[in-house]
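The values are calculated or read from the model by the stated rules, or taken from the named source; none is laboratory data. Only a predicted model underlies this, so the values are computations on that prediction, with no experimental measurement involved. Reconstructed Cβ throughout: ideal geometry from the backbone, glycine too, with neighbour counts over all protein chains shown. To get the accessible areas, we keep the full protein, side chains included, count just its heavy atoms, and leave off ligands, DNA and RNA. Shrake-Rupley method; radii C 1.70, N 1.55, O 1.52, S 1.80 Å.
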Amino acid sequence: MAMEEIKKTNLDMFLWLSDIPAARLSRSHFSGRAKSDMLLNNLCESFNKQLVGARDKPIITCLEYIREYMTMRIVNVKKMQATARGPLIPQATKAWDEIQTEASKLTVMMVDEVTYQVKSLRSQCVVNVEDRTCTCRRWDLTSMPCKHAVAALYDMIENNMHVGTFIGEVG
Ligand SMILES: [Zn+2]
C-alpha cells in the first residue's frame, strides 16, 4: 500500500526502495528476534553525535573518550532505573499508560478462546493471546503488548477469563 503511494508520487524513490529487501524496511517483514522498537539508525546517530569531540584525537585518546562516555551512559541509565516506581522505567511506564488509554477506545470481538478481532474507527487487527501476536506486529516485535492486545486482554478480564500471565509481565 505505502509502496504504491510512493510509486505514484516519486518513481525514482520507488525504484530505489524496491531494491531494498522488505525485511529491512517493513514491520510486516521484520523477524521479531530483536524484541525492540528502537530504530537502529537513531542509535547510530546518537552515538556518532557523542563522538564528535573525539574524532580528531589519536586512537587511544579516542577510545578512552568512548570508554568514559559509555561509563557515564551506563551510570545514567542505572540512575533512571532507580527512579522507577514499578517494574518499568519511566519511559516504558508512560508508553504503557498510553497503550492502556488507547486500548480503552477499541472495540473487541472474541473469535475463539485465544483469538480476538480488535477494531478502531480506521482499522482492525487480529490478536492471538496464546501466541502473543497481533497483526499490527508490535507485540510480536517488542514483547510489549500493543493497544490491540491490551484491549483483548481487557475483554478477557471482563469475561472472567484468566489473563494473569499476560498482564503480570507488564503491569
Ligand atoms: Zn496490535
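Structure notes:
- The Rg/Rh ratio for the chain is 1.08, where Rg is the radius of gyration of the alpha carbons and Rh is the Kirkwood radius.
- In the chain, the DSSP-assigned H stretches of four residues or longer account for a calculated mean residue ellipticity at 222 nm of -15000 deg cm²/dmol, using -39500 (n - 2.57) per stretch and the full residue count as denominator.
- When Rg and the Kirkwood radius Rh are both evaluated on Cα atoms of segment 40-82, their ratio Rg/Rh stands at 1.04.
- Acute angle (nearest 10 degrees) that the helix 40-50 long axis makes with the longest principal axis of the chain, alpha-carbon atoms: 30
- For the chain, with all protein chains in place and a probe radius of 1.4 Å, 56% of the accessible heavy-atom surface sits on carbon or sulfur.
- In this simple spin-label model, placing a label point 7 Å from the Cα along the Cα-to-Cβ direction at both Glu98 and Val163 gives a separation of 2.1 nm.
- Compared with the alpha-carbon gap, the fully stretched path from Thr83 to Met13 is longer by 20.7 nm at 0.36 nm per residue.
- Estimated FRET transfer efficiency when R0 is 41 angstrom, pair Met3-Val52 (beta carbons, to 0.05): 0.70
- List His29, His162, ordered by accessible area with a 1.4 Å probe, largest first: His162, His29
- Taking every protein chain into account, the accessible area of the chain amounts to 74 square angstrom per residue (probe 1.4 Å).
- Most mobile listed residue (Glu130, Glu113, Glu64) in the chain, GNM with C-alpha springs under 10 Å: Glu64
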